[in-house]
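Written out below as structure tokens is the structure these notes cover.
The values are calculated or read from the model by the stated rules, or taken from the named source; none is laboratory data. Please read these numbers as outputs of a predicted model, since none were measured by experiment. All Cβ positions, glycine included, derive from the backbone under ideal geometry; neighbour counts span all protein chains shown. Just so you know, the surface numbers come from the protein's heavy atoms only, side chains and all, with ligands and any DNA or RNA stripped out. Shrake-Rupley method; radii C 1.70, N 1.55, O 1.52, S 1.80 Å.
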Amino acid sequence: MTTDFVTDTVSVQLDGRVATVEMNRPESLNALNVEMLKGLLTAMKDIGQMDEIDIVVLKGRGRAFSSGGDIKTMLLETNESDFPDVMDCISELAVTLYSMPKLTISAVTGAAAGLGLSLALATDYILADRNSKLAMNFIGIGLIPDGGAHFFLQQRIGEDKAKHLIWEGKVLTAEEALQMGLIHEIAEADLSTAVDAKLSQWLNRPTEAMIKTKKILADKNRPLLLKVLELEKLGQHKMRQTEDHKEGIQAFIEKRKPVFKGK
């Protein structure tokens, strides 16, 4: 039996022991606005309480997994006092994804960039379409990664490689991301077929034991993740005040290369 329940920006499908969470703003390449972030957090918290669910698949509708934070939202004249609440929501989502008592898979097609890549890195297994593009590209608008990216990148590729990946903001092919250790598998043919194969493999294994191992490691690492998220929140607040960030946003609007001054 399959059950669907849908919000405007996030849809959830339950099928046996698997929950599929789909980001649903295809017209913006699933850019993460506040509504979608809150929808994802609610969905993940709800699924975390469902005893019948063992595996969660996170994906994006349309041509992309997620292009990252919604820059158009940044351009709106929003009250700066809202910023801490948004960052707190991002942090809570990252912690929930990383530590939820389920096995989690990100199915990446198209772009997984910025905060979108941070969310993918918070999951246990990243399976990418061969034509997907991955980037930790906050630097392009004078910001630092958030969503726990500093923690997740260091865990996967080490401090030195993480630092240079963040500084360069390079767009990686799926093959480059696999060789670097950012992702776990490239779909040889159809992404959905590869996801189904991985689900079949895991569903025929002792998932309770797998989840227990995840919980032990997550509990051990949680204090560091929380510290990193707090540092990202403080750092991002400062970066949003810089001339370089304002130039990065202006260059994005004008579709030109930014001219940064280190201020």
Using a 10 Å cut-off on Cβ atoms, rank the peptides 172-180, 205-213 from the highest mean neighbour count down. 172-180, 205-213
Running a GNM on the chain with Cα contacts under 10 Å, which residue among S200, S28, S91 ends up with the highest mean-square fluctuation? S200
Counting only heavy atoms of the protein chains, get the accessible area per residue of the chain (1.4 Å probe) and round it to a whole Å² value. 50 Å²
Roughly to the nearest percent, how much of the accessible area of segment 153-228 is carbon and sulfur, given a 1.4 Å probe? 55 percent
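Magnitude of the Cβ-charge dipole of the chain, K/R +1 and D/E -1, about the Cα centre, nearest 20 debye?
Working: 32 positive and 37 negative charges, 143 e Å.
I would put it at about 680 debye.
Classify segment 84-199 from the C-alpha gyration tensor, please: rounded if a/c falls under 1.5, else prolate or oblate depending on whether a/b exceeds b/c. The partial results should precede the final answer.
Numbers: a/c = 1.82, a/b = 1.24, b/c = 1.47.
Because a/c hits 1.5 or more and a/b fails to exceed b/c, segment 84-199 counts as oblate.
Starting from the Cα-Cα distance between H237 and C89, subtract it from 0.36 nm times their residue separation and give me the gain in nm to one decimal. Before the final figure, lay out each step's value.
Details: separation 148, 0.36 × 148 = 53.28 nm, distance 1.47 nm.
Residue separation times 0.36 nm, minus the Cα-Cα distance, leaves 51.8 nm.
Shape verdict for segment 110-263, please, from the Cα gyration tensor: rounded (a/c under 1.5), prolate (a/b greater than b/c) or oblate.
Details: a/c = 2.78, a/b = 1.52, b/c = 1.82.
In terms of gyration-tensor shape, oblate.
Using a 1.4 angstrom probe on the protein heavy atoms only, line up M50, M100 by accessible area, largest first.
Values: M50 35, M100 5 Å².
Highest to lowest solvent-accessible surface, that is M50, M100.
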Using θ = phi - 60° and the Karplus form 6.51 cos²θ - 1.76 cosθ + 1.60, what ³J(HN,Hα) does each residue of segment 111-126 get, whole Hz, x for Gly and Pro? 8, 10, 10, x, 4, x, 5, 4, 5, 4, 5, 6, 8, 7, 8, 10
Which lysines have a Cα less than 24 Å from the Cα of K263, not counting those fewer than 8 places away in the same chain? K72, K163, K170, K233, K238, K246, K255
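Want the number for I253 to T207: 0.36 nm per residue separation, take away the alpha-carbon distance, what's left?
Values: separation 46, 0.36 × 46 = 16.56 nm, distance 4.69 nm.
Taking I253 through T207 to full extension adds about 11.9 nm, to one decimal.
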Net charge of Cβ neighbours under 13 Å - reference R63; Lys, Arg +1; Asp, Glu -1: +2
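What helices does the chain have that are whole DSSP H segments, at least 27 Å long along their own axis by Cα, and with mean Kyte-Doolittle hydropathy of -1.0 or more? Don't skip to the end; give the middle numbers.
Values: long enough: 207-239 (43 Å, -0.37).
Those that clear 27 Å and a mean of -1.0 are 207-239.
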Bridge orientation stat for the chain from DSSP, antiparallel percent rounded to 5, came to 40 percent
For R222 and E52, what is the calculated FRET efficiency with R₀ set at 30 Å and r taken between the beta-carbons, to the nearest 0.05? 0.75
Determine the shape class of segment 163-210: with a ≥ b ≥ c the square roots of the Cα gyration tensor eigenvalues, call it rounded for a/c under 1.5, and otherwise prolate if a/b is greater than b/c, oblate otherwise. oblate
If the elastic network links every pair of Cα atoms under 10 Å, which of L231, L41, L93 fluctuates the most in the Gaussian network model of the chain? L231
Förster radius 41 Å - calculated FRET efficiency between Q179 and S200 (Cβ-Cβ, nearest 0.05): 0.95
In Å², nearest 10: area of S192 left accessible to a 1.4 Å probe: 60 Å²
